[in-house]
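Structure record follows, encoded as structure tokens.
The values are calculated or read from the model by the stated rules, or taken from the named source; none is laboratory data. Bear in mind that the values here come from a model prediction, so they are computed numbers and not experimental data. Here the Cβ is made from the backbone with ideal geometry for all residues, glycine too, and neighbour counts use every protein chain on show. Just so you know, the surface numbers come from the protein's heavy atoms only, side chains and all, with ligands and any DNA or RNA stripped out. Shrake-Rupley method; radii C 1.70, N 1.55, O 1.52, S 1.80 Å.
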Amino acid sequence: LADDAAFSVTNAFLDLKQYEVVVKICQGFQERFEKSDFVSGFQYMEALGQFWQHDYDEALGAAVAVGEGKSKDRDFARYIVGQIHHAKGNPADAIKWYSKVKQQYPDAREAIEYFEEKRISLEEVSVFEPGKKVELGLEYRNVKEAALQVYRVDLMKLYLREKNLSSVTSVHLAGIQPELELTVALGDGKDYVDKDRSVTLELSEEAAYLVI
């Protein structure tokens with residue numbers, strides 16, 4: 001029962017958060033009990049110990065070996081590999097490994113949904129001095145390109161008709177020609193993080209404009 005006892009000892013040190021000890025004894029136990037059913041467990045806990053010490057590269061080496069195998073610790077290892085890539089700021093790799101265990105771990109599924117979420121927005125109101133460059137701040141995530149339409153509007157008339165401007169983006173514009181249309185390339189649609197950029201609008205006349 002030596003290998004079983006060794007596994008229990010390792011778990012005890014893990015519970016005590018003695019991660020440096022965990023790594024050291026796991027490496028020794030893998031050599032001592034190389035034919036044991038617990039070998040993959042020792043590899044997995046070694047990866048955990050390194051992960052909690054922020055030794056991500058070393059943790060990957062141990063966890064990937066288990067994650068690519070067929071032991072009972074495979075899914076645990078795959079999840080920790082996803083977490084390591086997540087912590088390292090490698091969302092594409094994190095998604096790859098999280099996808100392998102998204103059915104078993106709700107956290108993995110939620111992480112994928114967070115990374116792959118698509119959104120785009122502009123400031124609700126932007127004010128520019130006449131004669132100055134008009135640059136809008138565009139915030140986006142996982143969007144390849146943005147198509148902008150710029151309409152000149154009578155702000156007071158629009159307000160009186162709509163009563164308020166809370167739903168101004170859904171105002172009926174059919175048949176009205178925009179003052180300006182442009183398409184802005186934003187990337188490959190796989191940013192996985194929030195990004196922003198400035199968009200210059202070639203507008204010369206002083207007026208109120210609605211940008212969609």
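Summed over qualifying helices (DSSP H, 4 residues or more, each -39500 (n - 2.57)) and divided by its residue number, the chain shows a 222 nm mean residue ellipticity of -14000 deg cm²/dmol.
For the range 79-125, the equivalent ellipsoid derived from the alpha-carbon gyration tensor has semi-axes of 25, 12, 7 Å in decreasing order. Site-free segments of the chain were taken between GluC sites (Glu not before Pro) in DSSP loops having at most 13 other Cβ atoms within 10 Å, sites themselves excluded; the longest one is 125-201. Proximity of backbone amide H atoms, modeled 1.01 Å from N, is registered between L203 and V134 at under 5 Å, excluding neighbours fewer than 5 places apart on the same chain. For the chain, the longest principal axis of the C-alpha atoms and the axis of helix 74-88 are separated by about 50°. Please compute the contact order of the chain in relative form: average sequence separation of alpha-carbon pairs under 8 Å and at least six residues apart, divided by the residue count, as a percent. Once divided by the residue count of the chain, the mean separation gives 15 percent.
Only protein heavy atoms count here; on that basis, with a 1.4 Å probe, I176 has an accessible area of about 90 Å². Which net charge results when you count Lys and Arg as +1 and Asp and Glu as -1 among the other residues whose beta-carbon is under 12 Å from that of P130? Neighbourhood net charge equals -1. Between Y209 and V153, the built amide H atoms are under 5 Å apart, and every one of these is 5 or more places off in sequence or on another chain. At q = 0.07, 0.16, 0.17, 0.18 Å⁻¹, what log₁₀ I(q)/I(0) does the chain have when each alpha carbon counts as one equal point scatterer in the Debye sum? Taking Cα atoms of the chain as identical point scatterers yields -0.43, -1.02, -1.10, -1.18. Rolling a 1.4 Å probe over the heavy atoms of the protein chains gives the chain an accessible area of 64 Å² per residue. Once backbone amide H atoms are built at 1.01 Å from N, E179 has V150, Y151, R152 as its partners under 5 Å, excluding neighbours fewer than 5 places away on the same chain. Run the numbers on the range 25-149 and let me know its relative contact order in percent, using alpha-carbon pairs under 8 Å that are six or more apart. For the range 25-149, the relative contact order is 13 percent. Counted over all Cα-Cα pairs of the range 96-212, pairs farther apart than 16 Å make up 69 percent. Computed with a 1.4 Å probe on the full set of protein chains, the accessible area for I212 sits at about 70 Å². Of all lysines in the structure, the ones whose alpha carbon falls short of 20 Å from that of K195, not counting any fewer than 8 places away in one chain, are K88, K118, K144. So what's the angle, to the nearest 10 degrees on a 0 to 90 scale, between helix 2-15 and the longest Cα principal axis of the chain? Approximately 40 degrees, to the nearest ten. Taking all protein chains as shown and a probe of 1.4 angstrom, M156 keeps an accessible surface of around 120 Å². How many percent of Cα pairs in the range 1-107 exceed 20 Å? Here the tail beyond 20 Å accounts for 36 percent of pairs.
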